[in-house]
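This report refers to the structure that appears directly beneath it.
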Amino acid sequence: MEEIQHPQQMMQYLKQYQLEAVFHEHLRAHMTLCHFETCELICREGEASEYLYVLVEGKIKIFTTSPQDKTLVLCFKTPLEVVGDIEYVRESNIVNTVQAVSPVVMLRIHYRWLTELASDYAPLLQFLLKIISHKFYIDSNFSNFNLMYPVEIRLASYLLSISTDEGNTVLHEELDAFNLTDIANLIGTSYRHLNRVIQKLCADGYIERHQGLIRIKNRAGLRNIAGHNIYE
């Protein structure tokens with residue numbers, strides 16, 4: 001991680017995302033721009049949380065680790081996204097691991113300054129409320145989605161949510177056979193049924209499975225199956 005001392009660039013990001021009123025002048029004096037390289041960890045699940053991050057450029061991956069020490073990708077996020085908001089409000093350790101999957105730029109400010117300079121500052125509190133309520137809304141839809149839709153739609157949506165399409169190149173997350181149990185648990189089905197659905201999607205030409213890896217072949221086709229119900 002590299003800290004960037006560039007007040008003008010920081011102001012450009014604040015203006016771009018209409019955050020000048022959210023982070024007033026005294027807060028901005030303690031904010032920094034942070035640059036993360038591809039694959040660099042931003043924060044790690046279970047560790048103490050100290051900073052609020054605002055994603056302003058690039059793409060991040062949010063994932064958790066199962067009791068069997070297997071990694072389960074939850075989603076990808078692009079700007080505008082906030083990391084550390086729930087931990088700040090709950091005064092808790094980091095909930096999920098966050099990693100850069102492309103070069104990433106984030107605004108960063110220590111919780112200390114939020115508490116000292118903005119604990120009763122309405123624009124910031126309203127911003128955090130809006131961000132956190134949206135996350136709970138997404139979580140609620142996630143639960144309903146798992147209950148209401150067939151496994152084929154859920155799997156297509158999950159595969160889309162852990163992939164990105166930049167330019168004409170589809171970047172994908174390669175899923176090994178050992179974490180299919182975790183994926184089955186996440187989308188609410190059995191390992192055996194998940195395997196049957198994977199076989200069907202392979203036979204229909206949407207994905208391919210080779211030596212334990214899954215690769216998206218027909219992204220448009222998967223989108224057609226999933227509709228707008230994406231785990232994002």
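Assess whether GLU81 counts as being crowded, with 17+ Cβ neighbours inside 10 Å, within 14 Å of the chain's Cα centre (by Cα), of a type in the set (Asp, Glu) and at pLDDT below 90. In short, no.
Picking from residues in segment 36-77 that are within 17 Å of TYR17 (Cβ to Cβ) and either at pLDDT 90 or above or touching a helix residue (DSSP H, G or I) at 6+ places or on another chain (Cβ under 6 Å) (or both), the one that is surrounded by the most Cβ atoms within 10 Å (Cβ to Cβ) is VAL54.
Output the residues belonging to segment 150-167 that are surrounded by 15 or more Cβ atoms within 10 Å (Cβ to Cβ) and outside any helix (DSSP H, G or I). ILE162, SER163, THR164 - these are the residues of segment 150-167 that are surrounded by 15 or more Cβ atoms within 10 Å (Cβ to Cβ) and outside any helix (DSSP H, G or I).
Taking segment 3-59 and the strands (runs of 3 or more DSSP E) fully enclosed by it, the elements with 1 or more residues that are within 20 Å of VAL95 (Cα to Cα) and β-branched (Val, Ile, Thr) are at 41-43, 51-57.
Could you tell me whether segment 170-182 includes any residue that is out of contact with any Ser or Thr (no Cβ under 8 Å at 6 or more places or on another chain) and at pLDDT 75 or above? Yes - at least one qualifying residue is present in segment 170-182.
Contact map, segment 127-150: residues that are free of Cβ contacts under 8 Å to residues at least 12 places away in the same chain paired with residues that are assigned to a helix (DSSP H, G or I) and open to solvent by less than 60 Å² (accessible area, probe 1.4 Å), Cβ distance under 7 Å, separation 6+ or inter-chain. No pairs are found. Selection of segment 183-232 for residues being open to solvent by less than 60 Å² (accessible area, probe 1.4 Å) and either among the acidic types (Asp, Glu) or without any contact (Cβ under 8 Å) to a residue 40 or more places away in the chain (or both) yields ALA184, THR189, SER190, ASN195, CYS202, GLY205, GLY212, ASN218, GLY221.
Report yes if GLN18 is more than 20 Å from the chain's Cα centre (by Cα), free of Cβ contacts under 8 Å to residues at least 12 places away in the same chain and either closer than 21 Å to LYS130 by Cα or open to solvent by 30 Å² or more (accessible area, probe 1.4 Å) (or both), otherwise no. For GLN18, the condition - more than 20 Å from the chain's Cα centre (by Cα), free of Cβ contacts under 8 Å to residues at least 12 places away in the same chain and either closer than 21 Å to LYS130 by Cα or open to solvent by 30 Å² or more (accessible area, probe 1.4 Å) (or both) - is met. Within the bounds of segment 188-210, is there any residue that is modelled with pLDDT under 80 and under 23 Å from the mean Cα position of the chain (by Cα)? Among the residues of segment 188-210, not one is modelled with pLDDT under 80 and under 23 Å from the mean Cα position of the chain (by Cα), which makes the answer no.
The values are calculated or read from the model by the stated rules, or taken from the named source; none is laboratory data. Computed from a predicted structure; not experimentally measured. Backbone-built Cβ (ideal geometry, glycine too); neighbour counts: all protein chains shown. For accessibility, only protein heavy atoms count, side chains too; no ligands or nucleic acids. Shrake-Rupley method; radii C 1.70, N 1.55, O 1.52, S 1.80 Å.
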